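The values are calculated or read from the model by the stated rules, or taken from the named source; none is laboratory data. These figures come from a predicted structure and were not determined experimentally. All Cβ positions, even for glycine, are placed from backbone atoms using ideal geometry, and neighbour counts span all protein chains on display.
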Amino acid sequence: MYPTTPDGRYFLVNGKLWRCSNPLLPSDVRQRLVNELMDARREVKTAKASGDEGQLKSARAKVQKAKVDLGERGSVWWDDGSPDFNQCQVKHTPYSAWHKSLAAM
């Protein structure tokens, strides 16, 4: 399990922040979108193995759509005006002190 920022907006992997899914999504909608994402990722794998660039482009577009619909990419799902630090190194964000506190645990 990866640590999640105190505000629940990001999880941390190898010093990099990744946006979490929108927690306000109804559970059935979230599960449908996760299923679509997993299907799309399998399509990416198949397309890579086949070497079909058109199929790969289509599969990657499906991954992107699912991630946007989940709130992991695209517009942020929070509405307080806070900036998006998705895919930023945590040490260059306001979450730096939080990250340092993890090492003290």
- Query: Restricting attention to the range 4-24, which residues are closer than 17 Å to Val76 by Cα and out of contact with any helix residue (DSSP H, G or I) (no Cβ under 7 Å at 6 or more places or on another chain)?
  - Reply: Thr4, Asp7, Gly8, Arg9, Tyr10, Phe11, Trp18, Arg19, Cys20, Pro23, Leu24
- Hey, does the range 27-36 have a residue that's in contact (Cβ under 8 Å) with a residue 12 or more places away in the chain, in a helix (DSSP H, G or I) and in contact with a helix residue (DSSP H, G or I) (Cβ under 6 Å, 6 or more places away or on another chain)? yes
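Test of understanding: among Leu24, Leu37, Leu33, Leu12, which residue is under 24 Å from Gln89 (Cα atoms) and modelled with pLDDT of 95 or more? Before the answer, list the steps.
On the way: Leu24 fails: under 24 Å from Gln89 (Cα atoms); Leu37 fails: under 24 Å from Gln89 (Cα atoms); Leu33 fails: under 24 Å from Gln89 (Cα atoms).
The match here is Leu12.
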- Message: Looking only at residues that are without any contact (Cβ under 8 Å) to a residue 40 or more places away in the chain and under 15 Å from the mean Cα position of the chain (by Cα) in the range 67-91, which one is surrounded by the fewest Cβ atoms within 10 Å (Cβ to Cβ)?
- Response: Ser75
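Might you check whether a residue that is in contact with a strand residue (DSSP E or B) (Cβ under 9 Å, 6 or more places away or on another chain), crowded, with 16+ Cβ neighbours inside 10 Å and within 30 Å of Ser101 (Cβ to Cβ) occurs anywhere in the range 25-40? Reasoning before the result, please.
Let us first name the residues in the range 25-40 that are in contact with a strand residue (DSSP E or B) (Cβ under 9 Å, 6 or more places away or on another chain), namely none.
For the range 25-40, residues in contact with a strand residue (DSSP E or B) (Cβ under 9 Å, 6 or more places away or on another chain), crowded, with 16+ Cβ neighbours inside 10 Å and within 30 Å of Ser101 (Cβ to Cβ): absent.
Test of understanding: among Gly8, Gly54, which residue is more than 15 Å from the chain's Cα centre (by Cα), loosely packed, with under 12 Cβ neighbours inside 10 Å and not hydroxyl-bearing (Ser, Thr, Tyr)? Spell out how you get there, then give the answer.
On the way: Gly8 fails: more than 15 Å from the chain's Cα centre (by Cα).
Among Gly8, Gly54, only Gly54 is more than 15 Å from the chain's Cα centre (by Cα), loosely packed, with under 12 Cβ neighbours inside 10 Å and not hydroxyl-bearing (Ser, Thr, Tyr).
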